[in-house]
Every structure is written in C-alpha cells, then in structure tokens.
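Report on one structure; see the data block that follows.
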Ligand code: F6P
C-alpha cells in the first residue's frame with residue numbers, strides 16, 4: 001500500500017528541510033562551479049534552468065527517490081495506454097493520444113481510437129481549409145471574417161491562450177473572439193462590432209450542458225437571427241459546434257456535419273489538442289495546428305523515456321513538491337516575460353488547480369499532506385511594478401517560473417533586450433537579494449528566493465505545444481506522487497446545482513437558505529421585479545429551450 005507521508009523518503013526530506021533551512025542558493029553555486037550545467041536541460045528549442053532552486057545534490061537525489069518509490073511510472077504507463085485512471089468518472093485519460101504522431105495504436109475498451117482521432121483531424125482540416133480560403137461562405141455568399149468561440153473553462157482558456165500567443169501566425173483577413181463569461185456585458189461587447197453575414201460562431205462545450213455557454217449561444221443565435229435575414233436552413237453556415245454531446249448540439253440546431261466531436265476520455269482542461277482547438281486551427285492554419293501537436297508529442301516522448309533525473313516535467317514537479325510539502329509554499333507564481341503569453345497564467349490556473357485541488361486520495365481517504373498550489377501570475381515586466389515588492393521583501397515564500405522566448409520581432413530589439421535583461425535581473429535578485437554586510441533594513445532584500453527559467457528560442461506553435469505539455473505532465477507527476485485523481489472535478493458541481501436551485505427559488509420565500517443568502521436573494525428579486533418580463537425568465541437554459549425559440553424565431 002502506497003503511504004506517501006510515512007515513507008522513509010518523505011521522512012528523509014523532512015529532515016533535509018530542517019538541516020538545510022539556512023542554506024542559501026548562492027552558496028550552492030559557490031560550492032559547485034558546474035551547477036548551472038548540471039541543473040539545466042534542453043529539449044528541442046525549450047531550455048529549462050532550475051539551478052536557482054533551494055536544492056542541494058542530496059535534496060535532489062532524495063526527491064528523485066520519492067518519484068521512484070511512487071506509482072508515477074506505473075500510472076504514466078496506464079495513462080498512455082488508455083487504462084482507466086480517472087477512477088471516479090471511470091474514464092481513461094488520453095489527451096496524449098490526440099497528439100500521438102506515432103503509428104502505434106491506443107486502445108480504449110479493446111478499440112484502437114487512433115483511426116477516429118485521425119478522422120477527426122481530417123474533418124478539422126477540411127473545414128479549416130474551406131473557411132480560411134474563403135470557400136466556406138455565409139448565407140449571403142460572403143466569406144467568414146470573424147470567428148466567435150463560445151465556451152468556458154477548458155473550452156475557452158486553452159484555445160484563447162494559444163490564439164493570443166500565436167497572433168503573429170493568425171490569418172490576416174480574419175479576427176478571433178472568445179465569449180466565456182455569463183455576464184451579458186461580455187457577449188454584448190463582442191457582438192457589437194460584428195456583421196452577421198461574415199461571422200462564424202463555434203459553440204464549444206464538452207458536455208453541452210454548461211449554463212454559461214448555452215445562455216451565450218442562445219443569445220448569439222437570437223442576435224444573429226434578429227440582425228440577419230438568414231433562412232433557417234442556412235444557419236449551419238454560421239453556427240458549428242464542438243462537443244462530445246452530438247445529440248444536444250443537434251437539439252440546439254447545429255447540423256450534424258457541422259458538429260466536431262471529441263471524446264469523454266479528453267478532460268476539458270486538456271482538450272485544446274482536440275476539436276476544441278478548432279479556433280486555433282482556423283486562426284493559424286491546419287499545418288501549424290499540427291506543429292502545436294508535434295511539439296506536445298515531442299514532450300510526451302521525453303516524459304515517457306527520459307530518466308527521472310533528466311526529465312523536465314518530473315523535475316519541475318518534484319521542485320514544486322519540495323516547496324509545497326517541505327518548505328510550506330502555498331502558491332506558485334508563473335511570470336511570462338512575453339506579452340503574447342499574457343493568458344498563460346489563467347490557463348495554468350485551471351490546468352493545475354482544477355486537477356490537483358483535491359484532498360482525498362485515489363482510495364477516497366483524506367490526505368494528510370498539502371496538494372495543489374494556488375497558481376497565479378501576470379506578465380513580466382508588468383509584475384515588477386505590481387507585486388514583485390512582496391516577492392522580494394514580503395514574508396511569503398513564493399516559488400516562481402519565469403518564461404520567455406529569445407526571438408524578437410523586427411524593430412523591437414531594444415524592447416526585447418530590456419525585457420530579457422529585466423527577467424535575468426529579477427531571477428538573480430530573488431536568489432541573491434542584497435544583504436551585503438548582512439545589512440537588514442527596509443531597503444534590503446533577503447533573497448534566497450527560488451525560480452526556474454524556461455527559455456524558448458522562439459514562441460512558435462511547436463515550442464508552445466511542448467511548453468503546454470510540459471505543464472500538463474508536471475501536474476500529472478504531482479498528482480501521481482500525491483496519489484490523487486488529477487482528472488475529475490466534482491467540486492465544481494455544488495455551485496452549479498445551487499445556482500439552478502436559487503434561480504428557481506428566488507421567487508419563493510423558501511426558508512432553505514441562511515439569512516445572508518435569503519437576504520441577497522430578496523435584493524436580486526426586487527431588482528428584477530422592476531424589470532420587464534423577458535429579463536425574469538428563470539427557466540434554466542437548455543438546448544431544447546433554445547431550439548424551441550429558434551423554431552418560433
Ligand atoms: O465547471 C468546470 C468545467 O466542467 C470544466 O472542467 C470545463 O472545462 C468547463 O466547466 C466547461 O465545460 P464544458 O466544456 O462541458 O462546457
């Protein structure tokens with residue numbers, strides 16, 4: 001039976017944490033002139049420098065032992081071969097199969113899923129080429145110029161982040177918009193500047209039951225029908241869907257050939273490699289979408305075959321576990337020194353926190369150790385003028401990942417040089433601080449604050465694919481060592497259920513709620529009571545309801 005926190009290795013790490021509490025990273029460099037070379041790794045164009053961490057050789061070796069004694073390799077093999085590792089939802093976890101560029105089969109319930117995946121990619125390619133070439137026309141025979149992805153969580157954060165990161169590769173005559181929030185201001189702002197004749201909506205939702213997405217999709221359809229005189233039969237030229245729930249998509253009114261399916265064994269937050277990546281393919285082209293998958297595949301092969309102490313995802317994961325479980329770090333900062341990656345922290349928040357924000361193990365027993373960190377971040381150098389004060393002089397211990405690319409756009413060399421030198425300076429300042437002559441006053445920075453640096457030679461589809469897969473596998477490794485299920489998210493259901501209940505009960509004076517909730521419900525009720533009837537329709541939004549409205553429209 002795998003008992004993490006009572007293992008010999010775990011106890012050794014606890015001792016090491018005490019023994020080395022006064023160690024300084026800078027002293028490790030003085031003691032070993034080859035530290036940088038030993039504690040950095042290159043995979044393709046992705047370079048990881050992890051030498052500025054509170055890691056002695058002994059700590060590093062013991063962490064590797066922790067991974068060796070954990071179910072990591074076994075669970076890794078189970079994941080890649082389609083075994084059911086998402087035990088609470090009884091599902092395999094196969095986002096890696098979506099970017100499997102090899103010939104070997106991937107078997108789920110005795111069925112090789114690769115032919116289906118390849119067929120899905122073919123359909124994606126055909127549609128992408130048609131829309132990008134202008135062959136795909138709207139109801140008034142005009143080419144598509146605006147694509148609006150309607151989705152939330154994993155059906156938004158991944159494609160949105162990648163489209164923003166790869167803007168230089170975007171089709172010159174097309175624009176891409178992402179609607180996620182149920183707040184009407186979001187959709188209103190996006191729809192405002194659009195021409196229905198040249199707009200394509202992608203309703204992206206794994207389950208086709210997410211309230212926000214259905215409400216936004218319904219509103220988009222009402223807007224479209226009101227703003228255009230598109231015959232019902234031509235709706236399919238402007239509304240496509242990406243989902244595992246084909247029946248519901250058809251119920252909503254999307255024609256069968258306009259539904260891009262994917263599978264239950266793809267987690268929402270791991271789904272950008274599937275048809276959920278349709279906005280990406282439409283933006284950068286199918287071939288570049290494949291480059292994104294190839295970058296992730298390269299990282300998958302590295303993760304599978306590199307020895308643990310030379311394995312980027314494993315090393316990042318173990319450094320995180322050392323800080324979270326032995327040095328008391330509560331959060332993990334991710335600071336991309338690249339404006340194009342400004343949505344990466346938000347994407348990683350869902351990836352990491354929805355995966356490892358768990359407190360029971362695979363057997364359902366409460367864990368007696370910390371698990372997933374709070375992931376947060378913002379772009380550098382902005383962060384320097386916002387929260388770096390706390391990171392330099394505050395009482396919190398916050399490990400940092402810096403991410404940057406060397407390649408610079410024509411004409412912005414001076415800016416890029418400043419950006420990179422600031423990043424190097426910050427990583428150095430966090431490590432060394434400035435406690436010369438042990439001066440401890442308001443101006444001095446204690447230093448000894450760890451950071452990793454991830455450097456790409458260029459932010460292109462391949463390298464971005466590798467970077468995202470690196471973090472996916474880091475999260476996987478931590479989940480395996482913590483023996484938790486990183487692939488379910490039961491905790492999100494309660495709030496959704498209560499939202500439906502409260503929207504139903506807002507009219508009734510039911511006493512099922514605490515005084516605070518009841519009081520606030522009254523305030524909302526009174527506010528809407530002053531509104532015209534339309535605004536008060538509390539009926540939960542379902543595909544059937546929207547279809548009925550379409551029929552009546
Ligand atoms: O509520 C959380 C969640 O289920 C995420 O896991 C998921 O990515 C998101 O909602 C959206 O779900 P769907 O793609 O089914 O609309």
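Given all pairs of different Cα atoms, what value in angstroms does the Kirkwood hydrodynamic radius of region 389-466 take?
One over the average 1/r among Cα pairs gives 14.3 Å for region 389-466.
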Cα-derived Rg over Rh, computed across the chain with Rh taken as Kirkwood radius: 0.99
When 29, 224, 239 are ranked with the fewest other C-beta atoms within 10 Å first, the list becomes 29, 224, 239
If 302, 385 are placed from fewest to most neighbouring beta carbons inside 10 Å, the sequence is 385, 302
Cα Rg, Dmax (largest Cα-Cα span) when computed across region 128-223, Å: 13.2, 34
Expressed as a percent, the portion of alpha-carbon pairs in region 88-152 spaced more than 17 Å apart is 60 percent
Per-selection Rg to Rh, region 402-511 - Cα, Kirkwood hydrodynamic radius: 1.22
Share of pairwise Cα separations in region 36-159, more than 23 Å, in percent: 62 percent
What's the FRET efficiency of residue 310 with residue 501 using the Cβ-Cβ distance as r and R₀ = 35 Å, to the nearest 0.05? 0.10
By how many degrees, between 0 and 90 and to the nearest 10, does the Cα long axis of helix 493-505 differ from the longest principal axis of the chain? 40 degrees
How large is log10 of I(q)/I(0) for region 243-306 at q = 0.13, 0.14, 0.19, 0.27 Å⁻¹ when the intensity is taken from the Debye formula with one equal scatterer per alpha-carbon? -0.46, -0.52, -0.83, -1.15
If you bin the C-alpha pair distances of region 144-194 every 10 Å from 0, what whole percents do you get? 24, 54, 22, 0
Regarding region 387-432, what's the average projected area of the Cα-atom convex hull, expressed in nm²? 3.7 nm²
Which distance in Å, rounded to a whole number, links the C-alpha centroids of region 284-321 and region 400-436? 24 Å
Only bridges whose two residues both fall in the chain count here: according to DSSP, what percent of them are antiparallel, nearest 5? 30 percent
Quote the Stokes-Einstein diffusion coefficient, in whole µm² s⁻¹, for region 177-316, based on the Kirkwood radius over alpha carbon pairs, a temperature of 4 °C and a viscosity of 1.567 mPa s. 76 µm²/s
Relative compactness, region 362-414, computed as alpha-carbon Rg over 2.2 N^0.38 Å: 1.79
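How do 163, 258 line up, fewest other C-beta atoms within 10 Å first?
Listing 163, 258 from fewest to most nearby Cβ atoms yields 258, 163.
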Cα centroid separation - region 151-210 against region 36-53, whole Å: 36 Å
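Coordinate-derived values only; no laboratory data. Bear in mind the structure is a predicted one, so any value in this text is a computation, not a measurement. Counting neighbours? That spans all protein chains shown, and the Cβs are built from the backbone with ideal geometry, glycine included.
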